[in-house]
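Trainee: Below is the structure I would like to discuss, written out as structure tokens.
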Amino acid sequence: MYYGWVLVVTLGVTETISWGILYYAFTVYLAPMEAELGWSRGDMTGAFSLALLLAGLAAIPVGRWLDRHGPRLLMTVGSIAATLLVVAWSRVATLPQLYLIWAGIGLCMSATLYDPAFATASHWFERRRVQALTVITLMAGFASTIFIPLAGWLVQVAGWRMSLMLLAAILAVGTIGPHALLLRRRPEDLGLGPDGRPLGREPDKATRPAGMQVGEALRHVSFRWLTAAFWLATIATAAVGVHLLPYLADRGYDATFAAALTGLVGAMQVLARLFLAPFGNRVRPRPLAASILALQPLSLLVLLLVRSTPGVFLFVVLFGAQRGLATLARPALLADLYGATRYASIAGVLQFALSLAQAAAPFGAGAAYDALHSYEPILLALAVISAVAVVAVLPARRPAADTLQ
């Protein structure tokens, strides 16, 4: 068996655990922390927002490290630090301590979540890259399904502080060892080429991805189109993800039913990735990305125009599919355009830009609602923004032959 698939399965497991504990479990602890410590939901979620912002800011140096040194040390140290910070979270007593802990967890997110995993897979696969990325995200798509109920059960039986200690133990056992023992930088270290082909046997030059340096890629016009496309799409995805539940409540849906529909978006992400797995390598990344991004404006129009429960279910299917598949489309297209040589550094710059959209969009949508007292014009504007994102990704092309290395 090609060792690249060992890495894919390893990263699938460690990403599931890392996402589940460092990202999704946070929401479980809001109520018990509020009850014991008296902090407001806004104060506590501010710490989580700070973590996401710092994770985006760290994406650029993390990308440079990955290109120069590979993932093993970075992801191992990140997992060790994350484990210690979760233990510290279980002992938190003041709000500044919570913010300091989550600032550190944000840096650990940048070192352990999808960006380093995708960079690793992109080095080990070319022809089957989309399939490899699909396997990782398909496994990690169950992170919320596993760890939100698990964390809730642990809080009930052991209290929130002890439950965090138990989650820290799971994080340590499930990520530190696999990262330290199994991760490898590139297939050439094992005497192989990408996809397991023998060294010296090169793929067809017409289909071989470009290998560009960071500065060249950032100056390339297609990178600007790519950044614009995914930045606009991220604005809509982040805004809708936060405000969907209150919008459904405004439309008269029961709070429990609205929460269930919102949670169903995550299930649709997994199902969409499962559907893509057999076909992802048969479609070029650019038309694939455009098709995936097109699901978002379509879903928003369905939500606005088909004002019935079946319409909401159709929206959930389309929006969830787009959200799940866009996670695959971005690294696949980026690697196809600029190759694996400096993939992590280039992806880090793109992720930094997207982190600004992720931080600004929920707040901007909330401020717009306060001014307009309606979500309808906001969703219509987001549908237009999403449609522009589809158009923006179309001009993205590989660099000219004289820029290749």
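Trainee: Could you tell me the extents of the range 1-141's C-alpha atoms along the three principal axes, largest first, rounded to whole Å?
Mentor: Largest first, the range 1-141 extends 53, 27, 21 Å along its Cα principal axes.
Trainee: Based only on Cα atoms, what Rg/Rh ratio does the range 1-76 have, Rh being taken as Kirkwood's radius?
Mentor: Over the Cα atoms of the range 1-76, Rg/Rh equals 1.12.
Trainee: While we're on this one: Give me the net charge of Thr112's neighbourhood, meaning all other residues with Cβ under 13 Å from the Cβ of Thr112; Lys, Arg count +1, Asp, Glu -1.
Mentor: On the way: positive: Arg72; negative: Glu15, Asp115.
Overall, the nearby charge balance is -1.
Trainee: Work through the residues other than Leu334 whose Cβ is under 12 Å from its Cβ and net out their charges, Lys, Arg +1 and Asp, Glu -1.
Mentor: On the way: positive: Arg129, Arg286, Arg330, Arg342, Arg398; negative: Asp115, Asp336.
Residues close to Leu334 contribute a combined charge of +3.
Trainee: Using θ = phi - 60° and the Karplus relation 6.51 cos²θ - 1.76 cosθ + 1.60, list the HN-Hα couplings for the range 299-306 in order, rounded to whole Hz, with x at every Gly or Pro.
Mentor: Couplings: 5, 5, 5, 4, 4, 7, 9, 9 Hz.
Trainee: Under a 1.4 Å probe, what is the accessible area of the range 91-133 per residue, stated in Å²?
Mentor: On the way: 1410 Å² over 43 residues.
Accessible area per residue: 33 Å².
Trainee: Quick one: pull the percent of accessible area on the range 19-81 belonging to carbon and sulfur, 1.4 Å probe, ligands and nucleic acids left out. Let's see the in-between values first.
Mentor: Working: 1690 of 2720 Å².
Answer for the range 19-81 is 62 percent, counting heavy atoms of protein chains only.
Trainee: Looking at the P(r) of the range 63-134, how many percent of alpha-carbon pairs lie beyond 16 Å? Intermediate values should be presented prior to the final figure.
Mentor: Values: 1402 of 2556 pairs.
Across the range 63-134, Cα pairs with separations above 16 Å total 55 percent.
Trainee: Summing -39500 (n - 2.57) over the DSSP H runs of n ≥ 4 in the chain and dividing by its residue number, what mean residue ellipticity at 222 nm do you reach, to the nearest 500 deg cm²/dmol?
Mentor: On the way: 18 runs with 306 residues, N = 405.
Result for the chain: -25500 deg cm²/dmol, rounded to the nearest 500.
Trainee: On average, how much area does the Cα convex hull of the chain cover when viewed from any direction, in nm²? Kindly include the intermediate steps, with their values, before the conclusion.
Mentor: Details: hull surface 77.2 nm².
Over all viewing directions, the chain projects a mean Cα-hull area of 19.3 nm².
Trainee: Cα atoms only: what Rg and Dmax, in Å, come out for the range 299-389?
Mentor: 16.3, 49
Trainee: While we're on this one: Let me check I've understood the local charge: for Leu293, count other residues with C-beta under 15 angstrom from its C-beta, Lys and Arg +1, Asp and Glu -1. What total comes out? Intermediate results must be reported in sequence, preceding the final value.
Mentor: Working: positive: Arg284, Arg286, Arg323, Arg330; negative: none.
Summing Lys and Arg as +1 and Asp and Glu as -1 gives +4.
The values are calculated or read from the model by the stated rules, or taken from the named source; none is laboratory data. Quantities reported herein were computed from a predicted structural model and do not represent experimental measurements. All Cβ positions, glycine included, derive from the backbone under ideal geometry; neighbour counts span all protein chains shown. These area figures cover heavy atoms from the full protein model, side chains too; ligands, DNA and RNA do not enter into them. Shrake-Rupley method; radii C 1.70, N 1.55, O 1.52, S 1.80 Å.
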